[in-house]
Ligand SMILES: [Zn+2]
(Lines give C-alpha, C1' and ligand atoms only; values in the text may rest on other atoms or scores of the structure.)
Protein backbone atom coordinates (compact mmCIF):
# COMPACT_ATOMS: atom_id res chain seq x y z
CA UNK A 1 0.00 0.00 0.00
CA UNK A 2 1.34 3.36 -0.98
CA UNK A 3 1.17 4.97 2.45
CA UNK A 4 3.70 2.58 3.87
CA UNK A 5 7.01 4.31 4.37
CA UNK A 6 9.87 1.92 5.05
CA UNK A 7 12.47 4.69 5.00
CA UNK A 8 11.00 6.04 8.21
CA UNK A 9 10.25 2.80 9.91
CA UNK A 10 13.34 0.75 10.37
CA UNK A 11 15.92 2.38 12.61
CA UNK A 12 15.64 0.20 15.71
CA UNK A 13 15.34 2.19 18.88
CA UNK A 14 15.59 5.62 17.30
CA UNK A 15 12.49 7.76 17.67
CA UNK A 16 11.69 9.45 14.39
CA UNK A 17 9.70 12.52 13.52
CA UNK A 18 6.16 11.77 12.50
CA UNK A 19 5.49 12.03 8.82
CA UNK A 20 3.19 14.96 8.12
CA UNK A 21 0.34 12.74 6.95
CA UNK A 22 0.08 11.46 10.50
CA UNK A 23 -0.01 14.80 12.27
CA UNK A 24 -3.77 14.64 12.74
CA UNK A 25 -3.54 11.85 15.28
CA UNK A 26 -1.01 13.51 17.51
CA UNK A 27 -3.47 15.79 19.30
CA UNK A 28 -5.94 12.97 19.77
CA UNK A 29 -4.77 11.09 22.81
CA UNK A 30 -7.23 9.04 24.76
CA UNK A 31 -5.56 7.92 27.95
CA UNK A 32 -7.83 6.01 30.31
CA UNK A 33 -6.92 6.73 33.93
CA UNK A 34 -7.29 3.04 34.76
CA UNK A 35 -7.88 0.04 32.56
CA UNK A 36 -11.64 -0.38 32.56
CA UNK A 37 -13.57 -3.60 31.97
CA UNK A 38 -15.72 -3.90 28.90
CA UNK A 39 -19.34 -2.90 29.46
CA UNK A 40 -21.85 -5.73 28.88
CA UNK A 41 -23.35 -5.77 25.39
CA UNK A 42 -21.06 -3.07 24.20
CA UNK A 43 -21.00 -2.99 20.40
CA UNK A 44 -17.74 -3.74 18.64
CA UNK A 45 -17.10 -1.33 15.84
CA UNK A 46 -14.81 -2.30 13.04
CA UNK A 47 -15.01 0.06 10.14
CA UNK A 48 -14.75 -1.46 6.69
CA UNK A 49 -12.86 -0.10 3.72
CA UNK A 50 -16.18 0.68 2.02
CA UNK A 51 -17.37 2.64 5.05
CA UNK A 52 -14.07 4.47 5.17
CA UNK A 53 -14.29 5.45 1.53
CA UNK A 54 -17.79 6.76 2.18
CA UNK A 55 -16.59 8.84 5.09
CA UNK A 56 -13.52 10.06 3.26
CA UNK A 57 -15.59 11.80 0.61
CA UNK A 58 -16.13 14.38 3.34
CA UNK A 59 -12.40 14.71 3.90
CA UNK A 60 -12.25 18.30 2.71
CA UNK A 61 -14.60 19.26 5.51
CA UNK A 62 -13.04 16.98 8.10
CA UNK A 63 -12.57 19.79 10.59
CA UNK A 64 -16.34 20.22 10.71
CA UNK A 65 -17.13 16.56 11.35
CA UNK A 66 -18.45 15.46 14.73
CA UNK A 67 -15.65 14.07 16.88
CA UNK A 68 -16.62 10.35 16.72
CA UNK A 69 -16.77 10.39 12.92
CA UNK A 70 -13.49 12.25 12.78
CA UNK A 71 -11.98 9.64 15.08
CA UNK A 72 -13.13 6.82 12.81
CA UNK A 73 -11.68 8.58 9.81
CA UNK A 74 -8.35 8.99 11.49
CA UNK A 75 -8.03 5.41 12.55
CA UNK A 76 -9.62 3.69 9.60
CA UNK A 77 -6.71 3.73 7.18
CA UNK A 78 -4.39 2.35 9.84
CA UNK A 79 -6.69 -0.38 11.18
CA UNK A 80 -7.35 -2.99 8.54
CA UNK A 81 -9.38 -6.12 9.22
CA UNK A 82 -7.87 -9.23 7.60
CA UNK A 83 -9.99 -12.26 8.48
CA UNK A 84 -12.22 -13.29 11.36
CA UNK A 85 -11.43 -11.14 14.38
CA UNK A 86 -7.83 -10.49 13.30
CA UNK A 87 -6.41 -7.47 11.53
CA UNK A 88 -3.43 -5.15 11.37
CA UNK A 89 -2.45 -1.63 12.35
CA UNK A 90 -0.01 0.05 9.95
CA UNK A 91 1.95 3.17 10.83
CA UNK A 92 5.68 3.76 11.40
CA UNK A 93 7.65 0.74 12.59
CA UNK A 94 6.89 -2.95 12.27
CA UNK A 95 3.32 -3.91 11.43
CA UNK A 96 1.09 -4.49 14.47
CA UNK A 97 -1.50 -7.30 14.37
CA UNK A 98 -4.53 -7.46 16.65
CA UNK A 99 -7.20 -9.90 17.75
CA UNK A 100 -10.41 -8.14 18.80
CA UNK A 101 -13.63 -9.83 19.85
CA UNK A 102 -16.08 -9.91 22.74
CA UNK A 103 -13.89 -12.16 24.86
CA UNK A 104 -10.35 -11.33 23.80
CA UNK A 105 -8.05 -8.50 22.94
CA UNK A 106 -4.46 -9.23 21.92
CA UNK A 107 -1.74 -7.33 20.09
CA UNK A 108 1.40 -8.42 18.23
CA UNK A 109 4.28 -5.89 18.43
CA UNK A 110 4.15 -2.28 19.62
CA UNK A 111 6.03 0.00 17.14
CA UNK A 112 6.98 3.32 18.79
CA UNK A 113 5.44 5.15 21.79
CA UNK A 114 3.39 7.65 19.73
CA UNK A 115 2.05 5.11 17.25
CA UNK A 116 1.44 2.60 20.07
CA UNK A 117 -0.71 5.27 21.74
CA UNK A 118 -2.69 5.76 18.54
CA UNK A 119 -3.14 2.00 18.20
CA UNK A 120 -4.19 1.62 21.85
CA UNK A 121 -6.67 4.49 21.49
CA UNK A 122 -8.22 2.89 18.42
CA UNK A 123 -8.52 -0.50 20.10
CA UNK A 124 -10.00 1.02 23.26
CA UNK A 125 -12.64 2.81 21.24
CA UNK A 126 -13.82 -0.60 20.05
CA UNK A 127 -13.14 -2.76 23.07
CA UNK A 128 -12.48 -1.57 26.60
CA UNK A 129 -11.44 -4.90 28.06
CA UNK A 130 -7.97 -5.38 29.50
CA UNK A 131 -5.61 -6.62 26.79
CA UNK A 132 -5.07 -10.35 27.32
CA UNK A 133 -1.55 -10.36 25.88
CA UNK A 134 0.94 -8.26 23.99
CA UNK A 135 3.03 -10.66 21.92
CA UNK A 136 6.46 -9.59 20.65
CA UNK A 137 7.94 -11.03 17.44
CA UNK A 138 11.53 -9.89 18.28
CA UNK A 139 13.49 -7.30 20.26
CA UNK A 140 14.04 -4.48 17.73
CA UNK A 141 13.01 -1.00 18.81
CA UNK A 142 10.51 -0.51 15.99
CA UNK A 143 8.62 -3.56 17.35
CA UNK A 144 9.06 -3.01 21.13
CA UNK A 145 9.30 0.79 21.46
CA UNK A 146 5.62 1.03 22.46
CA UNK A 147 5.77 -1.71 25.12
CA UNK A 148 5.61 0.90 27.87
CA UNK A 149 2.44 2.40 26.40
CA UNK A 150 0.67 -0.98 26.41
CA UNK A 151 2.16 -2.15 29.73
CA UNK A 152 -0.54 -0.70 32.07
CA UNK A 153 -3.36 -2.10 29.92
CA UNK A 154 -2.16 -5.66 29.32
CA UNK A 155 -2.01 -8.73 31.51
CA UNK A 156 1.29 -9.85 30.03
CA UNK A 157 3.98 -9.13 27.45
CA UNK A 158 5.13 -12.39 25.92
CA UNK A 159 8.14 -13.22 23.71
CA UNK A 160 10.80 -15.79 22.94
CA UNK A 161 13.20 -16.38 25.83
CA UNK A 162 16.14 -14.69 24.07
CA UNK A 163 14.32 -11.39 23.59
CA UNK A 164 14.89 -9.67 26.98
CA UNK A 165 18.69 -10.14 26.86
CA UNK A 166 18.91 -9.13 23.18
CA UNK A 167 16.74 -6.08 23.87
CA UNK A 168 18.95 -5.07 26.82
CA UNK A 169 22.18 -5.55 24.84
CA UNK A 170 20.88 -3.49 21.90
CA UNK A 171 19.69 -0.75 24.27
CA UNK A 172 23.13 -0.66 25.92
CA UNK A 173 24.74 -0.15 22.49
CA UNK A 174 22.24 2.59 21.63
CA UNK A 175 22.19 4.31 25.02
CA UNK A 176 18.45 3.75 25.44
CA UNK A 177 18.37 1.48 28.50
CA UNK A 178 16.06 3.86 30.37
CA UNK A 179 13.38 3.57 27.67
CA UNK A 180 13.07 -0.23 27.65
CA UNK A 181 10.06 -2.21 28.83
CA UNK A 182 10.81 -5.92 28.66
CA UNK A 183 8.59 -8.96 28.14
CA UNK A 184 7.48 -10.48 31.45
CA UNK A 185 6.62 -13.96 30.11
CA UNK A 186 8.87 -15.98 27.79
CA UNK A 187 8.86 -19.36 26.03
CA UNK A 188 11.56 -21.42 24.29
CA UNK A 189 10.21 -23.61 21.46
CA UNK A 190 6.48 -23.24 21.21
CA UNK A 191 3.66 -21.71 23.23
CA UNK A 192 -0.10 -21.81 22.76
CA UNK A 193 -2.71 -19.63 24.38
CA UNK A 194 -6.49 -19.66 24.01
CA UNK A 195 -8.26 -16.31 23.82
CA UNK A 196 -11.84 -15.58 22.79
CA UNK A 197 -12.25 -18.73 20.70
CA UNK A 198 -8.92 -18.15 18.99
CA UNK A 199 -5.73 -20.17 19.47
CA UNK A 200 -2.60 -18.05 19.36
CA UNK A 201 0.48 -20.17 18.67
CA UNK A 202 3.99 -18.76 19.03
CA UNK A 203 6.86 -20.71 17.49
CA UNK A 204 10.62 -20.17 17.43
CA UNK A 205 12.40 -21.80 14.48
CA UNK A 206 15.97 -20.87 15.47
CA UNK A 207 18.22 -17.93 14.64
CA UNK A 208 17.13 -15.97 11.55
CA UNK A 209 16.47 -12.19 11.45
CA UNK A 210 17.68 -12.13 15.10
CA UNK A 211 18.37 -14.76 17.73
CA UNK A 212 14.86 -14.49 19.21
CA UNK A 213 12.27 -14.45 16.42
CA UNK A 214 8.72 -15.71 16.89
CA UNK A 215 6.25 -16.67 14.20
CA UNK A 216 2.84 -15.89 15.73
CA UNK A 217 -0.19 -17.70 14.30
CA UNK A 218 -3.86 -16.94 14.91
CA UNK A 219 -4.87 -20.47 14.03
CA UNK A 220 -8.63 -20.10 13.71
CA UNK A 221 -8.41 -16.98 11.53
CA UNK A 222 -5.44 -18.60 9.74
CA UNK A 223 -3.42 -15.39 9.93
CA UNK A 224 0.32 -15.62 10.69
CA UNK A 225 2.47 -12.67 11.78
CA UNK A 226 6.02 -13.17 10.50
CA UNK A 227 7.59 -10.16 12.24
CA UNK A 228 10.80 -9.19 10.45
CA UNK A 229 11.26 -12.67 9.06
CA UNK A 230 9.57 -11.01 6.10
CA UNK A 231 10.74 -7.82 4.39
CA UNK A 232 8.48 -7.92 1.34
CA UNK A 233 10.24 -6.58 -1.75
CA UNK A 234 12.78 -4.83 0.48
CA UNK A 235 16.44 -5.48 1.31
CA UNK A 236 16.23 -6.77 4.89
CA UNK A 237 18.06 -5.85 8.05
CA UNK A 238 20.29 -8.82 8.96
CA UNK A 239 21.14 -8.24 12.62
CA UNK A 240 24.33 -10.22 13.10
CA UNK A 241 25.03 -8.54 16.46
CA UNK A 242 21.51 -9.55 17.51
CA UNK A 243 22.09 -13.22 16.66
CA UNK A 244 20.98 -13.34 13.00
CA UNK A 245 21.80 -16.30 10.73
CA UNK A 246 21.21 -16.13 6.98
CA UNK A 247 21.16 -19.92 6.57
CA UNK A 248 18.86 -20.20 9.60
CA UNK A 249 16.59 -17.58 8.06
CA UNK A 250 16.38 -19.55 4.79
CA UNK A 251 15.56 -22.71 6.75
CA UNK A 252 12.91 -20.89 8.80
CA UNK A 253 11.07 -19.50 5.76
CA UNK A 254 11.06 -22.93 4.12
CA UNK A 255 9.75 -24.62 7.28
CA UNK A 256 7.08 -21.99 7.98
CA UNK A 257 5.73 -22.22 4.42
CA UNK A 258 5.38 -25.99 4.95
CA UNK A 259 3.74 -25.63 8.37
CA UNK A 260 0.78 -23.57 7.14
CA UNK A 261 -1.77 -24.04 4.39
CA UNK A 262 -2.12 -22.37 1.01
CA UNK A 263 -4.96 -20.19 2.34
CA UNK A 264 -2.90 -18.64 5.16
CA UNK A 265 -2.65 -14.84 5.23
CA UNK A 266 0.86 -13.79 6.27
CA UNK A 267 1.57 -10.42 7.89
CA UNK A 268 4.98 -8.92 7.13
CA UNK A 269 7.07 -6.72 9.41
CA UNK A 270 7.98 -4.41 6.55
CA UNK A 271 7.44 -3.93 2.84
CA UNK A 272 8.94 -1.62 0.26
CA UNK A 273 8.54 -0.26 -3.22
CA UNK A 274 4.78 -0.70 -3.36
CA UNK A 275 4.88 -4.33 -2.16
CA UNK A 276 2.05 -5.43 0.10
CA UNK A 277 2.37 -5.66 3.88
CA UNK A 278 0.40 -8.94 3.85
CA UNK A 279 0.57 -11.83 1.42
CA UNK A 280 0.85 -15.55 0.79
CA UNK A 281 3.46 -18.31 0.91
CA UNK A 282 4.50 -17.21 -2.60
CA UNK A 283 5.89 -14.06 -1.01
CA UNK A 284 7.76 -16.17 1.56
CA UNK A 285 9.22 -18.23 -1.28
CA UNK A 286 10.27 -15.12 -3.22
CA UNK A 287 12.00 -13.57 -0.23
CA UNK A 288 13.67 -16.90 0.64
CA UNK A 289 14.98 -17.09 -2.94
CA UNK A 290 16.61 -13.67 -2.44
CA UNK A 291 18.29 -14.82 0.79
CA UNK A 292 19.50 -17.99 -0.96
CA UNK A 293 20.97 -15.92 -3.81
CA UNK A 294 22.61 -13.56 -1.31
CA UNK A 295 24.09 -16.46 0.68
CA UNK A 296 25.37 -18.14 -2.51
CA UNK A 297 26.83 -14.88 -3.84
CA UNK A 298 28.84 -14.20 -0.68
CA UNK A 299 29.87 -17.82 -0.05
CA UNK A 300 31.05 -18.43 -3.63
CA UNK A 301 32.81 -15.03 -3.67
CA UNK A 302 34.69 -15.98 -0.51
CA UNK A 303 35.64 -19.31 -2.00
CA UNK A 304 36.93 -17.57 -5.13
CA UNK A 305 39.15 -15.39 -2.94
CA UNK A 306 37.29 -12.14 -3.48
CA UNK A 307 37.43 -9.45 -0.82
CA UNK A 308 34.41 -8.10 1.03
CA UNK A 309 34.90 -4.71 -0.65
CA UNK A 310 34.83 -6.37 -4.08
CA UNK A 311 31.61 -8.22 -3.24
CA UNK A 312 30.01 -5.02 -1.93
CA UNK A 313 30.34 -3.31 -5.30
CA UNK A 314 27.44 -5.32 -6.74
CA UNK A 315 24.51 -3.06 -7.56
CA UNK A 316 21.89 -5.82 -7.87
CA UNK A 317 21.79 -9.60 -7.61
CA UNK A 318 20.77 -11.21 -10.92
CA UNK A 319 17.10 -12.13 -10.80
CA UNK A 320 16.40 -9.74 -7.91
CA UNK A 321 16.55 -6.40 -9.70
CA UNK A 322 13.17 -5.38 -8.30
CA UNK A 323 14.29 -5.39 -4.65
CA UNK A 324 14.01 -1.96 -3.06
CA UNK A 325 16.36 -0.35 -0.59
CA UNK A 326 16.08 2.35 2.05
CA UNK A 327 19.30 4.33 2.48
CA UNK A 328 22.52 2.48 3.27
CA UNK A 329 20.83 0.71 6.18
CA UNK A 330 18.63 -1.51 3.99
CA UNK A 331 20.72 -2.13 0.91
CA UNK A 332 22.53 -4.88 -0.97
CA UNK A 333 25.98 -3.78 0.30
CA UNK A 334 24.68 -3.86 3.89
CA UNK A 335 23.23 -7.34 3.25
CA UNK A 336 26.54 -8.55 1.73
CA UNK A 337 28.46 -7.13 4.70
CA UNK A 338 26.16 -8.83 7.23
CA UNK A 339 26.25 -12.16 5.38
CA UNK A 340 30.05 -12.00 5.25
CA UNK A 341 30.19 -11.40 9.01
CA UNK A 342 27.67 -14.19 9.58
CA UNK A 343 29.66 -16.69 7.46
CA UNK A 344 32.97 -15.65 8.96
CA UNK A 345 31.67 -16.12 12.47
CA UNK A 346 29.76 -19.30 11.78
CA UNK A 347 30.88 -21.05 8.60
CA UNK A 348 28.21 -23.27 7.00
ZN1 LIG B 1 13.63 -6.25 13.11
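Scanning segment 257-292 for residues that are within 16 Å of the ligand (Cβ to nearest atom), outside any strand (DSSP E or B) and more than 9 Å from residue 232 (Cα to Cα) yields a count of 1. Against the list (1) under 22 Å from residue 105 (Cβ atoms); (2) out of contact with any helix residue (DSSP H, G or I) (no Cβ under 9 Å at 6 or more places or on another chain); (3) more than 16 Å from the ligand (Cβ to nearest atom), the condition residue 189 fails is (1).
One residue stands out among those in segment 133-163 that are within 16 Å of the ligand (Cβ to nearest atom) and in a helix (DSSP H, G or I): the one that is farthest from residue 97 (Cα to Cα), which is 163. Look at (1) crowded, with 16+ Cβ neighbours inside 10 Å; (2) within 25 Å of the chain's Cα centre (by Cα) and you find that residue 328 fails only one, number (1). Scanning segment 326-344 for any residue that is farther than 17 Å from residue 209 by Cα, touching a strand residue (DSSP E or B) at 6+ places or on another chain (Cβ under 9 Å) and modelled with pLDDT under 95 turns up at least one such residue.
Which residue, of 235, 191, 182, 205, is over 30 Å from residue 344 (Cα atoms) and in contact with a strand residue (DSSP E or B) (Cβ under 7 Å, 6 or more places away or on another chain)? So that I can check it myself, show each step before the final result.
Details: 235 fails: over 30 Å from residue 344 (Cα atoms); 182 fails: in contact with a strand residue (DSSP E or B) (Cβ under 7 Å, 6 or more places away or on another chain); 205 fails: over 30 Å from residue 344 (Cα atoms).
Criteria check complete, one pass: 191.
Taking residue 246 as the residue in question, decide whether it is surrounded by 21 or more Cβ atoms within 10 Å (Cβ to Cβ), away from the ligand (no atom under 14 Å from the Cβ) and under 30 Å from residue 172 (Cα atoms). The answer is yes for residue 246. Among residues belonging to segment 222-241 that are assigned to a strand (DSSP E or B) and away from the ligand (no atom under 11 Å from the Cβ), point out the one that is surrounded by the fewest Cβ atoms within 10 Å (Cβ to Cβ). Of everything passing the filter in segment 222-241, 234 is surrounded by the fewest Cβ atoms within 10 Å (Cβ to Cβ).
The values are calculated or read from the model by the stated rules, or taken from the named source; none is laboratory data. Since this is a predicted model, take the numbers as computed values, not measurements. As a convention, Cβ positions derive from the backbone with ideal geometry for all residues, glycine included, and neighbour counts pool all protein chains shown.
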